[in-house]
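Remarks on the structure that follows.
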């Protein structure tokens, strides 16, 4: 049994995680601990506070007791708002607190794109434009080229959590560009796992979503590869996209 640990802020799209655990169909356990979200606002100051060491530390004891072997801070905006170096320090602090390998959803997107051999990406963000721009900057530092970007301007995770298939598909299609090798949807408050096959069929290219890449990152930290095509191209055994 491989036990993956996740620190997840608040309660919006967290039911994607038991769904992923079911779809993995193997000896993988997904342990989710909720952290205090503080102010629910896609604003840089609020997001930096949400990802502060103190808030992450509060959830770590419960996660350690669960027997988790790796930990991922399952929040994209609460990591990339620190910039590349700041997000690295956040992960290092998390690893020290946890006593286990650690990462965050922001780094998971970069690692997942590299896994697929993807360099040119389109971003469909639920966030306001300024916050979405910070994610694009983060990806560029990670070696990716952001060829298109779409912002939905949503201020709260609570509102994002109400989105269903139609809204998610509309966002992905609006963000896509012909030159993009993959489309990225960076918000762990967004339910996407049930729609991964539909998204990739509609766009005819890999789609990487926040909760999907978070679990993949946990598996990567645990040195596990799981073939689960229902979770998208990322969870097939061989990368399907070449640079």
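All of the numbers you see were taken from the coordinates with simple rules; none came from a lab. Note that the structure is a prediction, hence the values are computed from the model and not measured. When we count neighbours, we look across all protein chains shown, and the Cβ atoms used for this are built from the backbone with ideal geometry, even at glycine.
Below is a table of values for the structure above.
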| quantity | calculated |
| --- | --- |
| Global geometry of the stretch 19-123, whether rounded, prolate or oblate, following the gyration tensor of its Cα atoms and the 1.5 cut on a/c | oblate |
| Angstrom value of the Kirkwood radius, inverse mean 1/r, which spans all Cα pairs in the stretch 72-136 | 12.6 |
| Rg ratio (alpha-carbon, reference 2.2 N^0.38 Å) - the stretch 117-167 | 1.24 |
| Residue-averaged 222 nm ellipticity for the chain, from DSSP H runs of 4+ at -39500 (n - 2.57), nearest 500 | -13000 deg cm²/dmol |
| For the chain, alpha-carbon Rg over 2.2 N^0.38 Å | 0.90 |
| Cα→Cβ-extended label distance, 7 Å offset, between residue 147 and residue 22, nm | 3.6 |
| Whole-Å distance, taken between Cα centres, linking the stretch 70-98 and the stretch 4-61 | 12 |
| For the stretch 112-243: Kirkwood Rh in Å [reciprocal of mean 1/r, alpha carbons] | 14.7 |
| Extension gain, residue 114 back to residue 11 (0.36 nm per residue minus Cα-Cα distance, nm) | 34.1 nm |
| Overall form of the stretch 95-190 per C-alpha gyration tensor (a/c, 1.5; a/b vs b/c) | oblate |
| Gain in span if fully extended, residue 137 to residue 177, counting 0.36 nm per residue against the direct Cα distance | 12.6 nm |
